[in-house]
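These notes are about the structure you will find just below.
The values are calculated or read from the model by the stated rules, or taken from the named source; none is laboratory data. Keep in mind that what you see is a predicted model, and the values were worked out from it rather than measured. Positions of Cβ are generated from backbone atoms using ideal geometry, with glycine treated the same way; all protein chains shown enter the neighbour counts.
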Amino acid sequence: MCGIIGIVSQTEVNQALYDGLTVLQHRGQDAAGIVTCDNEGRFFLRKDNGMVKDVFHTRHMLKLNGNMGIGHVRYPTAGCSTSAEAQPFYVNSPFGIALAHNGNLTNTKVLKDELFQSDRRHLNTDSDSEVLLNVLAHELQKTSKLKPQAEDIFKAVETLHRRCKGAYAVVSMIAEVGVLAFRDPHGIRPVVIGKKETATGNDYIISSESVAVDSLGYTLMRDIAPGECIFIDTSGNIHSQQCAENPVLSPCMFEYVYFARPDSIIDGISVHKSRMRMGAKLAQKIKRDFPAHDIDVVMPIPDTSRSSAVQLAEELGVAYREGFIKNRYIGRTFIMPGQTQRKKSVRQKLNPIGLEFEGKNVLLVDDSIVRGTTSQQIVQMARDAGARKVYFASAAPPVRYPNVYGIDMPSAEEFVAHDRDVEQIREELGADWLIYQDIEDLELAVNKHKDVEGFDTSCFDAHYITGDIDQSYLDYIDSLRNDSSKDEVEKDSAVIELHNN
């Protein structure tokens, strides 16, 4: 998962891009990058591994000149461990194009072969974002104009949609031309557009989530539709066109469950309200399955489960308490490379308040359970803090299948729900009882007003909406994501750092 941002303004955009990436930091803490463009068409790029505050210092910001630019934050994915994979990417031909991307292409190997054999384009990394950039560049090269116009950009994106498969929300910048953004025909990954009226004209912002639009003082216009391309020229004129043949909105359910900030609106749906309704649905299931429950207190596992836990406690008529204090300087554990590092980080990340656990029957609420190693340790921490009984609830169904659309979940064999039923998972976690959200209830919680035709729920039900995922591809993804592979990546990274120092 990654975060993207793009701004076309009447004034310098470097500070706004920095602030926007800081707001989107939850979408990736592994690398960050910004590229700006001045009135003479020169690009200014800064990117590196690390969080936004660590990558950009005053000396870097002063060099990021220009009234338009794009930015990116990345979290670690299989095969992407060095600063060479940091975005945005850039090609000088044609015109000078930079690009940043959130998602995952599922036909990357085919495209790489095409780019080399047919398009005669060179790729310097293993990133599918560089593949996207070169496909876009190749299609734009077909125009005979010195500067592409809106119709040329839309035609290039139309062909890109036919060539590229998978999930992608993209923001790109063409020197002296403008900023464009587009979304895959299923709208799996989120991206929105906002507007700010100024005395000299309109400023526009593209962002993965509406929270960045709000925080920078823009007004949210709308989500970019699946398959749609938005183009904002350097004069601040906005153009849009549907560029896919059969677009169907199918956003990723995990955005609502886990990744997006609760104060974001995605495809017209409040993430916070969705999570509250997840809690209400869980409470209804607890009343059905455990009508004589003896829960004394409901506690969230911070932070993403808080909205669900508050509503669950209210529906059950049980006290809500904050029992864990979170160290906010530790990253998300299920996406950390290597099992050893994840295990070590859990107790650094959370610390229990003993007084809230002592002698109580505690219901712990989490947004989801992936590997289960974090959940297992948290259950034990609750017992060590004095809880009499520890119950566990997941606001999402069991995660049993790989996500191939941009969330770098582990190998399926590493999921705690892999080849286990709920009772076996409960034993593995060490809880007194365990309850999962039903997938039907999850969809009702998120899609209460029927705003969306359907969702990507592949990690719960193995239904891959792009229709191009077979077992051979899943086996390939599995080989990249298991912990032994990630341990090797860590070793390779250490060697790289050693040689660079």
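Summed over region 96-124, the residues that are at positive phi and either surrounded by fewer than 20 Cβ atoms within 10 Å (Cβ to Cβ) or of a type in the set (A, V, I, L, M) (or both) give a count of 2. Total residues in region 136-167 satisfying the condition of being touching a helix residue (DSSP H, G or I) at 6+ places or on another chain (Cβ under 7 Å), β-branched (V, I, T) and within 22 Å of V248 (Cβ to Cβ): the figure is 1.
Candidates are the residues of region 220-264 that are among the β-branched types (V, I, T) and touching a residue at least 60 places away in the same chain (Cβ under 8 Å); the one that is surrounded by the fewest Cβ atoms within 10 Å (Cβ to Cβ) is V248. Annotation for region 78-86: no member residue is outside any helix (DSSP H, G or I), over 30 Å from I477 (Cβ atoms) and of a type outside the set (A, V, I, L, M). Within region 38-55, the presence of at least one residue that is of a type in the set (D, E), in a helix (DSSP H, G or I) and modelled with pLDDT of 95 or more is confirmed.
Yes or no, residue by residue, for (1) in contact (Cβ under 8 Å) with a residue 40 or more places away in the chain; (2) under 11 Å from L363 (Cβ atoms); (3) of a type in the set (D, E, K, R):
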| position | (1), (2), (3) |
| --- | --- |
| A280 | yes, no, no |
| D294 | yes, yes, yes |
| S307 | yes, no, no |
| R321 | no, yes, yes |
| I325 | no, no, no |
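With the condition being closer than 24 Å to V446 by Cα, I'd like the strands (runs of 3 or more DSSP E) fully within region 206-308 carrying at least 2 qualifying residues. Those strands (runs of 3 or more DSSP E) span 219-223, 297-300. Screening D441, D451, D461, D456 for residues that are closer than 25 Å to A280 by Cβ and touching a Cys at 6+ places or on another chain (Cβ under 7 Å) leaves exactly one candidate, D456.
Candidates in region 273-300 are the residues that are of a type in the set (A, V, I, L, M, F, W, C) and crowded, with 23+ Cβ neighbours inside 10 Å; of these, the one that is nearest to Q437 (Cα to Cα) is L282.
One line per residue, one yes/no per condition, for (1) within 27 Å of the chain's Cα centre (by Cα); (2) under 30 Å from H101 (Cα atoms); (3) crowded, with 23+ Cβ neighbours inside 10 Å:
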| position | (1), (2), (3) |
| --- | --- |
| A393 | yes, no, yes |
| A412 | yes, yes, no |
| H418 | yes, no, no |
| G430 | no, no, no |
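When the residues of region 1-27 are narrowed to those that are in a loop (DSSP other than H, G, I, E, B) and touching a helix residue (DSSP H, G or I) at 6+ places or on another chain (Cβ under 9 Å), which ends up farthest from G50 (Cα to Cα)? Per the criteria, the residue is S9. Residues in region 195-245 that are among the charged types (D, E, K, R) and within 22 Å of Q15 (Cβ to Cβ): K195, K196, E197, D203, E209, D214.
Just one of the listed residues (Q341, Q348, Q377) is modelled with pLDDT of 95 or more and either over 19 Å from L282 (Cβ atoms) or assigned by TED's automatic domain parsing to the domain that holds Y168 (or both), and it is Q377. No other residue among A137, A156, A100 is under 17 Å from the mean Cα position of the chain (by Cα) and either touching a residue at least 60 places away in the same chain (Cβ under 8 Å) or not in a strand (DSSP E or B) (or both) apart from A100.
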